[in-house]
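Read the structure below first, then the notes.
The values are calculated or read from the model by the stated rules, or taken from the named source; none is laboratory data. Predicted, not measured: the structure shown is a model, and the values here were computed from it. Cβ placement follows ideal geometry from the backbone for every residue including glycine, while neighbour counts extend to all protein chains displayed. Only protein heavy atoms, including side chains, enter the accessible area calculation; ligands, DNA and RNA are left aside. Shrake-Rupley method; radii C 1.70, N 1.55, O 1.52, S 1.80 Å.
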Amino acid sequence: MQYIITAYFIIVNIIGFALMGIDKRKARKQQWRIPEKTLFLAAIIGGSVGTLLGMYVFHHKTRHWYFVVGMPLILILQILLCMKFS
């Protein structure tokens with residue numbers, strides 16, 4: 001069971017990281033963008049580390065206060081929940 005949970009978090013974080021990169025590329029090309037709620041959803045379902053890393057690796061959404069504050073806040077809440085239930 002631990003392997004399944006670990007695999008889930010690895011996959012969802014890779015997806016979150018990739019979504020940030022894809023959205024940044026689309027922004028540069030002025031193409032259809034990934035909705036912000038999708039980026040936050042990726043973080044909320046466990047991909048907060050990946051989306052946060054993607055923000056700073058791709059320099060994407062770092063000027064939006066709700067991402068700069070929201071993504072770390074989601075990560076902190078997830079860490080607290082893991083500590084409480086482990």
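Looking at region 37-47, which of its residues are closer than 9 Å to VAL12 by Cα and either β-branched (Val, Ile, Thr) or out of contact with any Ser or Thr (no Cβ under 9 Å at 6 or more places or on another chain) (or both)?
The answer is ILE45, GLY46, GLY47.
What pairs can you find where one residue is in region 33-46 and over 20 Å from LEU77 (Cα atoms) and among the basic types (Lys, Arg), the other is loosely packed, with under 14 Cβ neighbours inside 10 Å and at pLDDT 95 or above, and their Cβ atoms are less than 7 Å apart, with a gap of 6+ or different chains?
Listed by first residue and then by second, the contacts come to ARG33/LYS26.
Could you grab the pairs with beta carbons closer than 7 Å, sequence gap of 6+ or different chains, first residue in region 59-80 and at positive phi, second one part of a helix (DSSP H, G or I) and surrounded by 12 or more Cβ atoms within 10 Å (Cβ to Cβ)?
Filtered contacts from region 59-80: LYS61/MET55; LYS61/PHE67.
Scan region 1-56 residue by residue and report those that are open to solvent by 70 Å² or more (accessible area, probe 1.4 Å), aliphatic (A, V, I, L, M) and not in a helix (DSSP H, G or I).
Within region 1-56, MET1 is the sole residue that qualifies.
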